[in-house]
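The values are calculated or read from the model by the stated rules, or taken from the named source; none is laboratory data. Quick caveat, the model's predicted, so the values are computed rather than measured. All Cβ positions, glycine included, derive from the backbone under ideal geometry; neighbour counts span all protein chains shown.
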Amino acid sequence: MTDGSTESLRRPAAMVLDLERCIDCGTCETLAPGILAGRGRIAITPRSLEAMALCPVGALQWLETIPTERTDDDGHEYADDA
């Protein structure tokens with residue numbers, strides 16, 4: 001068991017838009033203006049979370065990362081020891 005100090009930090013760092021699912025309904029743009037501007041990595045904010053929750057087709061999804069030397073098996077970056 002861990003001391004719990006990092007448990008609350010284990011969460012996705014961003015969202016992405018699945019263009020194949022998106023039906024361009026405008027819900028996410030209404031809730032979080034500019035969310036579709038980059039169509040890449042989307043920052044997690046209260047507005048983007050609301051847009052994700054209300055997307056009728058689930059096109060806003062958590063960014064899945066591939067583990068590297070700097071990440072654990074879930075793609076979460078290791079904290080610096082300094």
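Results, tabulated for the structure shown:
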{"quantity": "Subset of region 42-82 (residues that are of a type in the set (D, E, K, R) and at pLDDT below 90)", "calculated": "E64, E69, R70, D72, D73, D74, E77, D80, D81"}
{"quantity": "Counted residues, region 44-56 - those being surrounded by 12 or more Cβ atoms within 10 Å (Cβ to Cβ) and either out of contact with any strand residue (DSSP E or B) (no Cβ under 7 Å at 6 or more places or on another chain) or farther than 18 Å from L19 by Cβ (or both)", "calculated": "7"}
{"quantity": "Filter pass, G4 being at pLDDT below 90, of a type outside the set (K, R) and surrounded by fewer than 10 Cβ atoms within 10 Å (Cβ to Cβ)", "calculated": "yes"}
